[in-house]
Amino acid sequence: MGENVLIAFALTLMAGLATGIGGAIAFFTKRTNAKFLSVALGFSAGVMVYVSFVEIFGKAREALVSELGARTGSWVTIISFFAGMFVIALIDKLVPDYENPHEARKVEEISGEEPSDLSEHLMEHKEEQDQVIATNKNKLLRAGLMTALAVGIHNFPEGFATFISALRDPSLGISIAIAIAIHNIPEGIAVSVPVFYAAGSRKKAFLYSFLSGMSEPAGAIIGYLILSQFLTDTLFGIVFAAIGGIMVFISFDQLLPTAREYGEHHLSIYGLVSGMIVMAVSLMLF
């Protein structure tokens with residue numbers, strides 16, 4: 001059990017660090033490979049949807065049926081699954097749309113210059129120029145900080161989901177951690193772009209994206225410390241079913257819409273199907 005805890009935490013930490021990787025990518029590439037990102041996000045969604053319905057839901061139901069009986073166990077599984085969706089939907093609802101971390105951002109947005117038409121207009125009005133630039137930078141910095149906070153809030157339950165999955169089945173945890181990590185990369189870009197644009201500091205932009213990702217292992221640790229004392233088979237089944245609901249909601253509400261924003265509609269679907277196929281084959285082989 002102790003070894004599984006270390007593995008589960010390591011996988012959750014890896015998934016969280018991907019947010020910082022997204023922040024770093026924004027500074028070491030000149031253009032966003034939108035098509036690749038679209039396929040990758042679709043792939044992540046495919047992995048999470050398939051594993052939620054085929055593995056997580058089934059294992060949760062098995063645990064609950066063995067403890068509560070066929071009828072009651074099945075009902076509790078279904079209720080827990082949709083309760084997980086409700087919880088993550090509520091969290092998403094509490095985050096303002098403007099600061100929502102799932103709006104697609106591209107590294108091309110990073111620039112040390114104002115748009116040319118704005119610069120030409122403001123050259124004639126120096127005081128107005130300084131005031132507008134200062135106001136814009138404050139707005140961008142606020143957007144970046146609020147995005148970092150929003151990412152942190154979203155990553156908290158994701159970290160717990162990754163951790164519990166890996167705790168129960170390390171091979172399943174690896175698949176989920178990879179899917180979450182892919183999902184976290186564009187979130188890191190969403191945090192770092194406005195912070196860098198406002199503060200002009202790569203170090204500060206990377207730091208905020210990195211810290212927002214650290215809420216993932218924090219969610220794992222806090223969730224485990226709270227539940228470890230009470231983690232019976234029944235509670236595990238309820239939590240595991242809720243995790244399945246959380247992951248399905250994340251896939252349909254966040255991953256696929258973001259994938260479509262980055263690329264063509266068909267690319268995200270190709271990625272989705274590919275993720276399902278890879279997950280299905282890996283589950284059969286391992």
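The values are calculated or read from the model by the stated rules, or taken from the named source; none is laboratory data. This is a predicted model, so every value here is computed, not measured. Neighbour counts are summed over all protein chains in view; Cβ atoms, including those assigned to glycine, are modelled from backbone coordinates with ideal geometry.
Overview of values
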quantity	calculated
Residue under evaluation Ile226, criteria (1) free of Cβ contacts under 8 Å to residues at least 60 places away in the same chain; (2) among the hydrophobic types (A, V, I, L, M, F, W, C); (3) under 26 Å from Leu37 (Cα atoms), criterion not met	(3)
Ile176 vs. criteria in a helix (DSSP H, G or I), touching a residue at least 40 places away in the same chain (Cβ under 8 Å), among the β-branched types (Val, Ile, Thr) and touching a Lys or Arg at 6+ places or on another chain (Cβ under 6 Å)	no
Failed item, numbered, when Ile56 is tested on (1) of a type in the set (Val, Ile, Thr); (2) without any contact (Cβ under 8 Å) to a residue 12 or more places away in the chain; (3) surrounded by 24 or more Cβ atoms within 10 Å (Cβ to Cβ)	(2)
Yes/no for Leu37 being at pLDDT 85 or above, among the hydrophobic types (A, V, I, L, M, F, W, C), within 30 Å of Lys204 (Cβ to Cβ) and within 15 Å of the chain's Cα centre (by Cα)	no
Complete set of residues in region 186-197 that are within 18 Å of Pro217 (Cα to Cα) and surrounded by fewer than 24 Cβ atoms within 10 Å (Cβ to Cβ)	none
Inter-residue pairs, beta-carbon under 7 Å, first buried (at least 16 other Cβ atoms within 10 Å of the Cβ) and in region 251-280, second of a type in the set (D, E, K, R) and in a helix (DSSP H, G or I), 6+ apart	Gly263/Lys35; Leu267/Lys35; Ser268/Arg260
Filter result (among the hydroxyl-bearing types (Ser, Thr, Tyr) and surrounded by 18 or more Cβ atoms within 10 Å (Cβ to Cβ)) within region 202-229	Tyr208, Ser209, Ser212, Ser215, Tyr224
Any helices (runs of 4 or more DSSP H) falling wholly within region 191-286 and containing at least 3 residues that are over 20 Å from Val49 (Cα atoms)	202-213, 215-227, 233-250
